[in-house]
Amino acid sequence: MSLLDLRDVAVSYDGRRAVHGVSLSVEPGEVVAVVGESGSGKTTTAHAIIGLLPGNASVDAGTIHFGPPGRRLDLTGWSDRRLRSVRGARIGLVPQDPANSLDPVKTVGAQIGEVLRVHGQRDRRRIRGRVLDLLARVGLPDPETRARQYPHELSGGMRQRVLIAIAVALRPELVIADEPTSALDVTVQRRVLDLIDDLRAEYGTAMLLVTHDLGVAAGRSDRLVVMKDGRVVEQGPTAGVLAAPEAGYTRRLLGDAPALSARPFRDPPPAARPAITVRDLVKEFRVGRRAFRAVDGVSFEVARGTTHALVGESGSGKTTTARMIVRFARPTSGKVTIAGAPDGRDFRRHVQLVHQNPYGSLDPRQSIGEIVAEPLRNFGLGDRAARRARVAELLDRVALPRDVLTRRPRELSGGQRQRVAIARALAAGPEVLVLDEAVSALDVTVQARILDLLERLQHDLGLTYLFISHDLAVVRQISHTVSVMSEGRIVETGTTRQVFTEPRHDYTRELLAAIPERVR
């Protein structure tokens, strides 16, 4: 008998159906991955199991059964109060965003201990011992110190480990992991997933893994459930679904995923002149009385009309390097030269930045037309009629319908917002775009469309890209050349083909080894 069994579950938001008759099961000790685009209903389905839907949502139909024979529960229609006895004790949750899921005013130790206290443990000494044991078990060094720290004092990977500690504190029979590694670098991602696998093996825990990363699903799950528009379109053993997908949507997902595609490398054109030249770049920050060197003697060139990727883990210095190139930060020493770029205010016409987060980089008070036209107004380019024509042309170029002109950012999807950000960056006719994790927040199919758009724009307009990313599968697809950064230094530079097929540095080999198996 299945540990978890959903039959014909339907969920609505404000009366509008979002999940339509979903059925799936999880066997004891099994990992079932639920994959699909944003809005496919995968997170809604997972949250419906443990009653964590928002107030405007309702489970309208279907049944949810959980537990082995003798301890089986029908969770259908349970109140929030009744479900508290199940959450944590028998079903753990690893939420997506560790920054928003941990209480910023409580120490890490207090938050782990709270789970134990809520479920009846009262002995302070035993709780403290269990907290320190859990912190050590999830691989955090110096548990005594970590227990006294607040979430903001930990890295993203460390915070995610704390969430895992909370999820497994009471050794639940099932863990629901909702995009547990989507915000993490590839090496940290691998360590977190290895940790979850180890804990599952030790405790015999089953897992429902919600993810848009098909590379993660391919390497970590026993069975795959593919969702689209609130419905299950295909499910079965992971190896079988990946080898011979039956649904057209599944085939499209697999084709779009850079981690599962085998596109040829993009070789740089011969003898192209450099558009960006970086020489001996250094950036130091004061930390108390000492100087911390975030970027340490970085040098590279980007040929005109090509894409150069800066890759590395969080804290490697890649974003700080990018900020100096676009003059948002002043170097301590060293030099950046961008061919043809004027000094002063007009520098921004030549070099533009596309930010990581399409939700935070657009003014929510402005219409899309006003957002795209803003650089034209700022630089005094054209009269009102000319600006309207230019905005319409840009929307066409990034494949957005004209009817978005009067809409606000909140009315658009993440992919549409990122297209708006790209249109705005192109408005003043730049020759260089710096893209800082510009597709990391997007689902695989949306990500694929944005990458195709960037390639097409580069071909049509002769653009030069500096592409900052921790996603090596994306880097392999989009870039001609790569620099690998570690601890503020470049440890390896070469063509993408060279770096991926013949890495010279141990750190590069470690990064490549951490990519999900089917990427390579």
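Every read-out reported here was derived from the displayed coordinates using simple, explicitly stated rules and does not represent laboratory data. If you're wondering where the values come from, they're calculated on a predicted model, not measured in any experiment. Using ideal geometry, Cβ is built from the backbone for each residue, glycine included, and neighbour counts are taken over all protein chains shown.
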Theoretical FRET efficiency, 1/(1+(r/R0)^6), r = Cβ-Cβ of residue 272 and residue 502, R0 30 Å, to 0.05: 0.85
Cα convex hull of the chain, projected area averaged across orientations, nm²: 26.3
Whole-percent pair-distance distribution, where bins are 5 Å wide, for the alpha carbons of segment 1-106: 2, 11, 20, 24, 21, 13, 6, 2, 0
Values of log10 I(q)/I(0), in the order q = 0.16, 0.25, 0.30 Å⁻¹, for segment 81-122 under a Debye, Cα-only, solvent-free model: -0.48, -1.03, -1.14
Label point at residue 413 placed 7 Å out along Cα→Cβ; residues across segment 425-464 whose backbone nitrogen lies under 13 Å: 442-450
Cα pair distances in segment 4-256, grouped into 10 Å bins until the bin that holds the longest one, percent each: 7, 31, 36, 21, 5, 0
Under the Debye formula (equal points on every Cα, no solvent term), log10 I(q)/I(0) of segment 361-430 at q = 0.13, 0.14, 0.21 Å⁻¹: -0.29, -0.34, -0.79
Debye equation applied to the C-alpha atoms of segment 114-186, log10 I(q)/I(0) at 0.22, 0.26 Å⁻¹: -1.08, -1.34
The chain: angle of helix 414-426 to the longest principal axis, Cα-based, in degrees nearest 10: 10
Whole-number percent relative contact order across the chain, with pairs defined as alpha carbons under 8 Å at least 6 apart: 16
Kirkwood Rh in Å, taken over segment 160-317 so that all alpha-carbon pairs contribute: 19.7
Net length gained if the chain between residue 363 and residue 299 were fully extended (0.36 nm per residue, minus Cα distance): 19.6 nm
Zero-based 10 Å bins, Cα pair distances in segment 48-101, whole percents: 20, 50, 25, 4
Cα convex hull of segment 230-305, projected area averaged across orientations, nm²: 11.3
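For the chain, what is the number of Lys pairs with C-alpha distance below 29 angstrom, counting only pairs 8 or more positions apart or on separate chains?
Close lysine pairs under the 29 Å cut-off: 4.
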